[in-house]
Every structure is written in structure tokens, then in C-alpha cells.
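Every number in this text was worked out from the coordinates using simple rules, so none of it is lab data. Not measured: the values here are computed from a predicted model. Positions of Cβ are backbone-derived with ideal geometry, glycine not excepted, and every protein chain shown enters the neighbour counts.
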Amino acid sequence: MPAQSIDQLKSSFRGELIQPADAAYDSARKVYNGMIDKRPQLIARCVDVADVMAAVQFGRDNQMLTAIRGGGHNGAGLGTCDDGLVIDLSRMKGIRVDPAARTVRVEAGCVWGDVDHATHAFGMAAPCGFISTTGVAGLTLGGGIGYLTRQYGLTIDNLLSVDMVLADGSFVTANANENSDLFWAVRGGGGNFGVVTSFEFRLHPVSTVNFGPTFWPLEQAADVLRAYRRFIVDAPEYVNGFFAFLVVPPAPMFPEHLHLKKVCGIVWCCTGSAEQTEAATMPMRTLGQPLLDHVGPAPFPVVQSIFDGLFVPGLQWYWRADNFTELTDEAIARHVEHGSKLPTMLSTMHLYPLNGAAQRVGKTDTAYSFREALFAEVIVGVDPDPANAEKITTWCKEYWDALHPFSAGGAYVNFMMDEGQDRIQAAFRDNYSRLATVKKKYDPTNFFRVNQNIRPD
Ligand SMILES: Cc1cc2nc3c(=O)[nH]c(=O)nc-3n(C[C@H](O)[C@H](O)[C@H](O)COP(=O)(O)OP(=O)(O)OC[C@H]3O[C@@H](n4cnc5c(N)ncnc54)[C@H](O)[C@@H]3O)c2cc1C
């Protein structure tokens, strides 16, 4: 990377350019997953679209491996790279709510907490995830599964338009009317097609929700899972509840006798009234002998940020995932076996329901393929101590191996590690070849390849 070309970039760049010798380098290169320790040559912290165009041009002219960083949350560390260029969007935080049109325009450096804060003031929300610190960009481009999925669909089902900088440095808008092939591809196909600089989402009237957990002893886990697989199919769409194996954190909100106990549970988030929530969820919440059941009103942004203090940046993080169309008795038995062996306090397994509005979109309507799946499973090994990295990884892989034969064959791309090309194809199934065609049109040299990579046709 010649000093002369860096000087040239500096003359047209308004954000920060951070290199290994700079004081800010070590904090700027960090991503969420503490297992990832990459050292880029240059971090271009953009403040506007012009900066993004200049950074893409620079990466191309200097033939640099180029990563795009939104919220930096990717488990596999795909928001950074070794020896290359990181186009870091984290300073692009503009948000504009249009309350009359019920839409929001969000710049690509926002995390979901930024969006929740802005839209909550208007009594609305965009379908997002389960935690407020995840980047809007990466989560959206992979699909977006969250508390509002059953009622309002995946995040991409509420995406109206994107602005993008392509590999040739040009700027385009993609939506249902303009560059519609590109708009199809970015709804699930990840960061393969260019740098998205802003997103426009449809909003929904979501303000106070009924939130909280029901926990059961592990001995009741098989009964709970058998009841849950039926319950979630018939539950009204304003009911969301994901199943989890977890260790109860030693936090004041939980009774002391449950602290550090391994349990199974359902975490509820319902947009119906308190009465509707009680009526719809009680059959599940009164099953067997729950250890704890506490569901009550909470502002949506509070719900979204409730796990932030637990899952802080820098933890060791290894996860594996798959989609499931059904949960057989044998699969449940394996869940109970491996879920009971959670290796650390923060490790967990979640089953997110995907039915309702998300299933009403066709398999080929967006790049996200698994529209018939009922659950997204994610097995997550987490711990602050790098000495435990192997322990959490081994548990996670063994758990995944045991359940994979019962899966629909592929995972949600945003819950994948670096698992090879077969797994990427398995995630997109029949949509892969169409994605490869769009990739060839918009990024024929595979300039954007630090991602779950779609190879040009
Ligand atoms: C604690 C935690 C909770 C999570 N919860 C959820 C959840 O509830 N629901 C859910 O669906 N997912 C969830 N995820 C997964 C999350 O969607 C992915 O990790 C996602 O990649 C994160 O996006 P990011 O912008 O933070 O990541 P980054 O690491 O910044 O980027 C990830 C990928 O997106 C691409 N990318 C980023 N920004 C852009 C851009 N502007 N233009 C083009 N490409 C871009 C990058 O190339 C990279 O491949 C969670 C992850 C974590 C760690």
C-alpha cells in the first residue's frame, strides 16, 4: 500500500483513516467476537457516502482484500480481515423517521438500539433481532430474525429500499422498481453485492409489549419441548416466545435459589394486550411445575436491550445453526441430552419460531430460502475466558452434529461460522444460482468476498 496513494485518499476522505501505527488501531480493529483477532492494513471509518465511494475505489485500485463492517457482530468475524482494508461504517448513524408514511431511513452504521430509540418516540418499531447491539446492516442483509418475526415477518420482509455503493465505485438505489434483481439479492444474500449505505424500513405500531420468561427444571425439558412444538404452530401471531436451554444468571431480577441453575425456558414477547397475552400463553406457562413465570409490560427498546449487559463485546463466541421444519421426539431427546451439558454460564441454545408472517413470503421471493422452516436453531458457546474457547467449541460442535440429521439441511447465514462452500449453498438452496448471476452482474471480480461468499456465476 504505497504512502502516496494513502495521501491521495486522505485528501478526499472526511472520516478517519486508521493504520497499525495509530493509537486508535487496537480498539478500532476489535470486533464483537473475542475469538477473532485480525489485523487489517487500513481501517477507513467513513462518515458519508462519498467516503464509502472513495474507500471502495482505493481498495480496488490497490487490489486489497476488502471487508465491510457494520455493527461488527458477525460470529465468524466477517466484518474484518487480515492485511486488507476495512470499510467501517460505524460512524454513519443518521436516522429519519417518517411518522406519516410509517417508514424509517437508517444509515448503515446504526445498531438496532439506535433504531429502536428513534422509532419508539413515535410508538413504532421495525422488525429487528433479540439484542440491541447487533448491527442493522449485517442482520438485515442476512434476513433478520427477532421478536416480531411471527407477526410482521423477517427484517427483510419490511425492507423497502437500499442505497448502495457497488464494486465499481458507482452509487445505486435498489428497491422493487429500481435494480429489482439487486434488491432481491440483498434480502438474504448478505454483503456480497456492494456496500449498503442506508436502508429504508416499514414500521409497525409496537410500543409496550408483554415480556418475560417462564423457566422449568431440566427434567421437564422434553415435556416442554413437546408441548411447545404444537403450541407455537397455533398461537396467535402477536405471541412470540423462543425456547432456550440456559443457566440462570446471578442477577437480582432472578430469585437467588435459581442463580447458576441450568434450566429450560421460553422467553416471551407479545404485542397483544395483557389480557390477550395471558389468555394465549397460559396453557404453555402453566405446563408442569415452572420454576419461575414472570411476564409483564415493558417498552420494546427495554426488551431489546435486556440481554446487552450479559452478552457484552469481547467474549469468546462459537456458534452453529440449522433450520428445522419439525421437531421429532428423537430430536427432542438429543436436545435434552446436549442442552443439559451447557459448558459455561453464558452458553445457550435457542429455537426461534419462524412461522406466521415470515412463512407467507415465498421461497423465491427473496434470496432467503428457508420459508417453510418452523424453527431456527442456534447453539451458542460463550465465555469470557480464552482458556475455555476449546471447551465451548467442542460442546457446540457435538450438539450440532447430534441434531443436524434432523434438520432441514441448511442454516440461517447470520448464525454460521466459516463452514465452507457446501454449507453456504445449503443455506441458499435453489436460490444460489440466481444469486450467482446477480453477483456476476454487480461484482464480477468478487471484490466483496469477506462474507458467506456467493461466487460469480
Ligand atoms: C449477540 C448477538 C446477537 C444476535 N442476535 C441476532 C438476532 O436476534 N437476529 C438475527 O437475525 N441475527 C442475530 N445475530 C446475528 C447477526 O445478524 C450477524 O452476526 C450479523 O452478521 C451482524 O451484523 P453486523 O452488521 O453487526 O456485523 P458485521 O460483522 O459488521 O458484518 C457482518 C457481515 O455483513 C456484511 N456487512 C456489514 N455491513 C454491511 C453493509 N453496510 N453493506 C454490505 N455488507 C455489509 C459484512 O460484509 C459481513 O459479511 C446476532 C449476533 C450476535 C453476536
Handout entry: Cα centroid separation - region 185-260 against region 16-85, whole Å
Key = 31 Å
Practice task
Give the residue from A221, L17, F245 lying farthest towards the positive end of the charge dipole for the chain; charges sit on Cβ (+1 for Lys and Arg, -1 for Asp and Glu) and the dipole is referred to the Cα centre.
Solution key: L17
Problem - Most positive-pole-ward Cα, M64, A28, L42, against dipole of region 1-106 from beta carbon charges - result: A28
Handout entry: Derived scalar couplings ³J(HN,Hα) [region 263-270; Karplus, 6.51 cos²θ - 1.76 cosθ + 1.60; whole Hz; x for Gly, Pro]
Key = 9, 10, x, 10, 9, 8, 8, 10
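Pop the C-beta distance of R455 and L160 into the FRET formula with R0 = 41 Å and round what comes out to the nearest 0.05.
The value I calculate is 0.90.
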Problem - Square roots of five times the Cα gyration tensor eigenvalues for the chain, Å - result: 36, 24, 21
Practice task
Treat each spin label as a single point 7 Å out from the Cα along the C-beta direction, and report the S170 to S11 distance in nm.
Solution key: 2.6 nm
Handout entry: Positive-end extreme of charge dipole, region 271-374 - chosen from T366, M349, F307 (charges on Cβ)
Key = T366
Handout entry: Geometric extent, Cα atoms of region 351-390 - Rg, Dmax (angstrom)
Key = 15.8, 45
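In debye, nearest 20: dipole of the chain around its Cα centre with unit charges on the Cβ of K, R (+) and D, E (-)? Don't jump to the answer; show the numbers that get you there.
Values: 39 positive and 49 negative charges, 82 e Å.
Dipole about the Cα centre, nearest 20: 400 debye.
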Practice task
Rounding to the nearest 20 debye, state how big the charge dipole of region 1-152 is about its Cα centre with +1 on each Lys and Arg Cβ and -1 on each Asp and Glu Cβ.
Solution key: 340 debye
Exercise for the section: Return the distance in nm (one decimal) between the two label points of a simple spin-label model at R96 and K441, each offset 7 Å from Cα along Cα→Cβ. Expected result: 2.8 nm
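Return the FRET efficiency for the residue pair E275, M253: r is the Cβ-Cβ distance, R0 is 25 Å, and the value is rounded to the nearest 0.05. Intermediate results must be reported in sequence, preceding the final value.
Working: r = 24 Å, r/R0 = 0.97.
After rounding to 0.05, the efficiency reads 0.55.
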Practice task
Using per-residue counts of other Cβ atoms within 10 Å, averaged over each peptide, order 355-365, 177-187 from highest down.
Solution key: 177-187, 355-365
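Under unit Cβ charges (Lys, Arg +1; Asp, Glu -1), what dipole magnitude, rounded to 20 debye, does region 384-457 have relative to its Cα centre? Before the final figure, lay out the partial values.
Details: 10 positive and 10 negative charges, 98 e Å.
For region 384-457, the charge dipole is close to 460 debye.
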Fill in the blank from the handout: Amide H proximity to W268 below 5 Å, modelled H, separation 5+ or other chain, gives G212, T214
Exercise for the section: Any chance you could check the Cα centroid distance between region 315-350 and region 397-436 for me, in angstrom? Expected result: 16 Å
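What's the extension gain from T328 to S180 if we count 0.36 nm per residue and subtract their Cα-Cα distance? Don't skip to the answer; put the middle values down first.
Values: separation 148, 0.36 × 148 = 53.28 nm, distance 3.92 nm.
So the chain would gain 49.4 nm between T328 and S180.
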Fill in the blank from the handout: Dividing the helical contributions, -39500 (n - 2.57) per DSSP H run of n ≥ 4, by the residues of the chain yields a 222 nm value, nearest 500 deg cm²/dmol, of -8000 deg cm²/dmol
Fill in the blank from the handout: Karplus-derived 3J(HN,Hα) from phi for region 117-127 (6.51 cos²θ - 1.76 cosθ + 1.60, θ = phi - 60°), whole Hz, x at Gly and Pro, runs 4, 5, 7, 4, 4, 9, x, 9, 8, 9, x
